[in-house]
Structures are given as structure tokens and as C-alpha cells.
1. Less than 14 Å from a label point 7 Å out along the Cα-to-Cβ axis of T58: which backbone N atoms in segment 76-109 qualify, by residue?
2. Convert each backbone phi in segment 132-142 into a coupling constant with the Karplus relation 6.51 cos²θ - 1.76 cosθ + 1.60 (shift: θ = phi - 60°), then list the ³J(HN,Hα) values in order as whole Hz, x for Gly and Pro.
3. Going down the table (K17/K154; K38/K74; K87/K154; K17/K101; K54/K101), which pairs top 26 Å between alpha carbons?
4. Quick one: length gained pulling N41 to S89 fully straight, 0.36 nm per residue minus the C-alpha distance?
5. Starting from 0.36 nm per residue, how many nanometres of slack lie between A81 and D100 once their C-alpha separation is accounted for?
6. Any idea which of T145, H156, I108 is furthest toward the positive side of the dipole for segment 22-164, if Lys and Arg beta-carbons carry +1 and Asp and Glu beta-carbons -1?
7. Evaluate the relative contact order of segment 1-145 (contact order divided by residue number), counting alpha-carbon pairs under 8 angstrom at least 6 apart; express in whole percent.
8. Classify segment 1-61 as rounded, prolate or oblate, taking a ≥ b ≥ c as the square roots of the eigenvalues of its Cα gyration tensor: rounded when a/c is under 1.5, otherwise prolate if a/b is larger than b/c and oblate if not.
Amino acid sequence: MPFTTVQPLLMIVDLQKAIDDESWGIRNNPEAEENILKLLNTWRDLKLPILHIKHMSTDSSSTYYPGTPGNDFKTIAEPLANEVVMKKSTNSAFIGTGLDKMLSERGISEIVITGVITNNSVEATARMAGNLGYETFVVSDATYTFGQKDFSGKYHDADVVHNMSLANLHGEYAQVLTSNDVDELTGALE
């Protein structure tokens, strides 16, 4: 499915140093940052819109708390001066941020989502984007998560949690693609 516009937005969610803290546990997709950087460079080369989402936790014990080293963007995801940064304090990038208004004002109808955590901020943002009518794409190998216990206490490794989150999204809220799929789609925009 090709992009239907010539201005798809690349959204990078919460890719901050906080996510490297060992308290998060064992992650999947060790190549995610490399894939995000590849997409980011493509968007920059094509002069397509880029949005960096920065989590500003209101919990002072969070690795994402403002004023702590974890609140800084990871080096590979540092925004350039002309790239928009939107701050959020909940899991969805649409809550309390004016994101929907900004996208509408700029005529953006397609969103390509990368970043962390797949089953938290990525999923919450993608669900809301889909519900608001945006053509939403989640990049499976440019997102990642961590192992987690389910409600009954059974532990699931990060790949299982990641894949279940993507399965929840695919077809109803978003289309799940790989970074190579997205490269092919952006190739048609050149």
C-alpha cells in the first residue's frame, strides 16, 4: 500500500536516554535505533516532515523525569534545529499536546511511527492516530519493548510482548510494516 500523500510524517516516540536504564529489563530489536536512524536520514534527505516526541514524566522517580540525564534524546535521535519537538506527559502523543491540531494545520494525514515502548506509548499513539482517521503505519523493526509479566504473573519475553502489541494494532488501527517496506514506499516519493 503506497503513501497516498507526498508528505508522510515520521514520528519518533520517546527515544530518550531513559530507555537504556537497566530497570526496564531485557529488550528486543537491538537494531531498532539503526533502523530509526536510517528512516530519519531518508526523511531528512527527502525534506519530509519529522516529529520528535519527548516524554516528560511527572513521576520524579521515572528515568524520563525532566532535568535528569535520561530525559535527553538518545544521540541518534537528536532533533535538528528545523525539526519539531512535542512534549508529552502521558502515554499517547495526542493527549494534552495539540498534536491533532498541528497535523491538521499542516495537512498531514499519514503518520509513520517509530520509537519506544511498543506496547505503551507507541501503541497508545498509534491507536489514537487510527481512531482520529490518520493513515497510520507502525514500523516493526524500528520499535521495541521489554519483557513483562501478564495479569496472571506469567513472564513473557520482549519479542512476545512486541509481537502481541503489533498484532493488536495491525489492520484495525495501523498497518505494521518493516523499515525495508517503508524504504520502498518513500522511494516512490523521490
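Bear in mind that the values in this text are calculations on the coordinates, not laboratory data. None of these values were measured; they are calculated from a predicted model. Every residue, glycine among them, receives a Cβ derived from its backbone with ideal geometry; neighbour counts consider all protein chains shown.
1. Counting backbone N atoms under 14 Å from the label point, the list is 88-92, 95-97.
2. Each residue of segment 132-142 in turn: 7, x, 6, 6, 10, 10, 10, 8, 4, 9, 10 Hz.
3. Over 26 Å Cα-Cα: K17/K154; K87/K154; K17/K101.
4. Length difference between fully extended and current span is 14.6 nm.
5. Contour length minus the Cα-Cα distance gives 4.6 nm.
6. Result: I108.
7. So the answer I get is 33 percent.
8. Prolate, since a/c reaches 1.5 and a/b exceeds b/c.
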